[in-house]
Amino acid sequence: MPETAPKAPMKASDLLVAALEAEGVEYVFAVPGEENLDIVESLRTSTIELVLNRHEQGAGFMAATYGRLTGKAGVCMATLGPGATNLATPAAYAYLGGMPLIMITGQKPIKQSKQGQFQIVDIVSLYEPITKMSKAIINGNTIPALVREAFRVAEEERPGTVLLELPEDIAIEETDEPLLLPHPRYYAIAGDTVLDEAAEMIRDAKMPLLLLGAGANRKDAHAALSAFAEKTQIPFFNTQMGKGVIDERSDLFLGTAALSDGDYIHCAIARADLIINVGHDVVEKPPFLMEPGGTKVIHLNYKAAQVDQVYFPQVEVVGDLAKSITRLGDILGGPLEFDRSYFERIKKETDLHTSEGSDVSRFPVIPQRLVADTRRVMRDDDIIALDNGIYKIWYARNYKAHKPNTILLDNALATMGAGLASAMMAAKLNPDKRVMAICGDGGFMMNSQEMETAVREKLNLVVVVLDDSSYGMIRWKQAHAGFPDWGLQFGNPDFVAYANSYGATGHRITRTEDLVPTFEKAFEAGGVHLVDVPVDYSENQRVLIDELAAKTCLI
């Protein structure tokens, strides 16, 4: 392990920040407390930008999204006790979602405390189930090794969350321990034997399908997978977190697995005799369930399969995704010979179904028109970030992603409240792209205070709030279960005035025809804009349940 030359003694918090600098950290997202003040002072004279958030969740979600978009661990910081516990949801969000995240929390002095158990929670133990590693720094001399290990663990496949706790008295210790510098890491390449076995399974298949999951979006596998699909002419579909890995305008794209069952893509999955599963694992909501003696599966990922009752692949191609899929394509050669007529019918029906309603002008806005108008104003590499609600299903099915990581959503923890912060991070990293947060009114209000952070950071961002004054997804499920419509409606603030109070610009849609002009005007003006969009979810039952049940059973 390379290291720097020993230096004159320095404060442990200075060494921690120097170690973060050595890892290439650009930002620390934080709601600091007094237990973090030594770190704050060390950051003041560092190259790292401190981004002050209004809630620890906002800090954690932004840092996790930094990890998702860059592949490098994002860093967030909070104090002890309630500050640290407020990071629990972002910790689980990154842990399940495969996003590299480092969380740094404070703690009271551990050598001699004069405050008893005031605010003391065993944070290290608390976070063990939802992190890849959770450690307390109990000696300043261990900082270089712990930081280096934290980044290695957070970033290596499968990426996730690491917590480091720095007590106050350790932060002020003096240490002359040298830094440990990062070095390039390379993933192994799958061996010829297993690639030949996989190729033979594909050649023997009568109706193979290619599935793209979240792992295919985490690393730069876009070009290799696009070339593989084009060369073999195997139709593909994706999970929600695999959207955009291959351009969804392709003639080979069959759709996104957005519903649990009963959709057109599930007809294709049921007919397939082989699924080449690239980058998906069982943490994301399963797009299909395996049964003994049923469809065969090739698992192609950075790590071996996590086998359970619904997932037990017959062949595992483990290693670098891009290199593995390229070599597999070379072995297979040109277009494979098999009957594609059924899959072509599925594509035709899917495209017709997802285009229905895209020009309907009734008001409040129906989801199909909202998705279509969003696609009309977003360019190929622009980014939308979705919070969690029923609209996520509509966007997953109807919004065609053209490039990787241009539609950010969470289908692992599927938490509400992350959409705004995720979009803020995307806007900070991509100031020249159009970035749109799409949030339900319930999810938006969970972390809406981050609008102030967005304005202070001078971001270019359009925030769309879908206004139905209820927890719409659960209300839909309630109706589908046959329960009375009860207990899930609430009141909202005046969203235009609310946005304006933060120094953003508020807009309210009163005609469906105003959607595109309002979005265009907001993007052209720059800065932070909020667009209040009254939405009509009455289409949920008709289109996503009744219509699909009537049609897909005939395919």
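Computed from the coordinates by the stated procedures, all read-outs in this text should not be read as laboratory data. All values reported here derive from a predicted model rather than from experimental measurement. So basically every Cβ, Gly included, is an ideal-geometry build from the backbone, and we count neighbours across all protein chains shown.
For this structure, a couple of remarks:
- On full extension, the segment bounded by I189 and R249 gains 18.6 nm, given 0.36 nm per residue less the C-alpha separation.
- Its Cα gyration tensor gives the chain an equivalent ellipsoid, and the semi-axes of that ellipsoid, as √(5λ) in whole Å with the largest first, are 40, 32, 20.
- Counting only DSSP beta bridges whose two residues both lie in the range 10-175, roughly 10 percent are antiparallel.
- Taking other Cβ atoms within 10 Å as a rough exposure proxy, K400, K347, K521 sort from fewest to most as K521, K400, K347.
- Size of charge dipole - the chain - debye, nearest 20, with Cβ of Lys, Arg +1 and Asp, Glu -1, no other charges: 620
- For the range 213-218, Karplus couplings with θ = phi - 60° (6.51, -1.76, 1.60), whole Hz, Gly/Pro x: x, 4, x, 6, 8, 6
- Fewest-first sequence of I474, I390, I384 by Cβ atoms within 10 Å of each Cβ: I474, I390, I384
- Loop-located trypsin sites (Lys or Arg not before Pro) in the range 108-196 (DSSP state other than H, G, I, E, B) with a sparse environment of at most 15 neighbouring Cβ atoms within 10 Å: K111, K114, R185.
- Packing-based ranking of 283-293, 534-544 yields 534-544, 283-293, ordered from highest to lowest mean Cβ neighbour count within 10 Å.
- Computed from the Cα positions only, the extents of the range 192-335 along the three principal axes stand at 35, 33, 29 Å, in decreasing order.
- Contour minus Cα-Cα distance for Q306 and S355 (0.36 nm per residue): 14.0 nm
- Amide hydrogen neighbours beyond the local backbone of E177, cut-off 5 Å, H modeled: none
- Residue-averaged 222 nm ellipticity for the chain, from DSSP H runs of 4+ at -39500 (n - 2.57), nearest 500: -11000 deg cm²/dmol
- Scalar couplings 3J(HN,Hα) for the range 238-255, obtained by applying the Karplus form with A = 6.51, B = -1.76, C = 1.60 to θ = phi - 60°, are 9, 7, 4, 8, x, 5, x, 4, 10, 3, 7, 7, 4, 5, 8, 7, 9, x Hz; x denotes Gly and Pro.
- Label point distance in nm, I474-E520, each placed 7 Å from Cα along Cα→Cβ: 4.0
- Sites Q449 and D339 - FRET efficiency at Förster radius 45 Å, r taken between beta-carbons, to 0.05: 0.20
- Note, ³J(HN,Hα) from phi for the range 454-464, Karplus 6.51, -1.76, 1.60, rounded to Hz, x at Gly and Pro: 4, 5, 4, 7, 6, 7, 9, 7, 10, 10, 9
- Calculated FRET efficiency for the pair L37/D122, C-beta based, R₀ 25 Å, to 0.05: 0.65
- Put simply, the amide H of D467, placed in the peptide plane, has neighbours under 5 Å in V533, V535, leaving out anything fewer than 5 places away on its chain.
- Take the Cα of V282, step 7 Å toward its Cβ, do the same at I138, and the gap between the two points is 3.5 nm.
- Rounded Å value of the spacing that divides the Cα centres of the range 293-336 and the range 376-427: 27
- If you plug the beta carbon distance of D204 and T70 into 1/(1 + (r/R0)^6) with R0 = 45 Å, you get a FRET efficiency near 0.65.
- Close amide H pairs (under 5 Å, H built 1.01 Å from N) link G255 with N238, residues at least 5 positions away or on another chain.
- Rel. contact order, % - alpha carbon contacts under 8 angstrom, at least six apart, the chain: 13
- Projected label points at L429 and D273, each 7 Å from Cα along the beta carbon direction, are separated by 4.2 nanometres.
- A full extension of the chain between E291 and A549 corresponds to an added length of 90.6 nm, given 0.36 nm per residue minus the alpha carbon distance.
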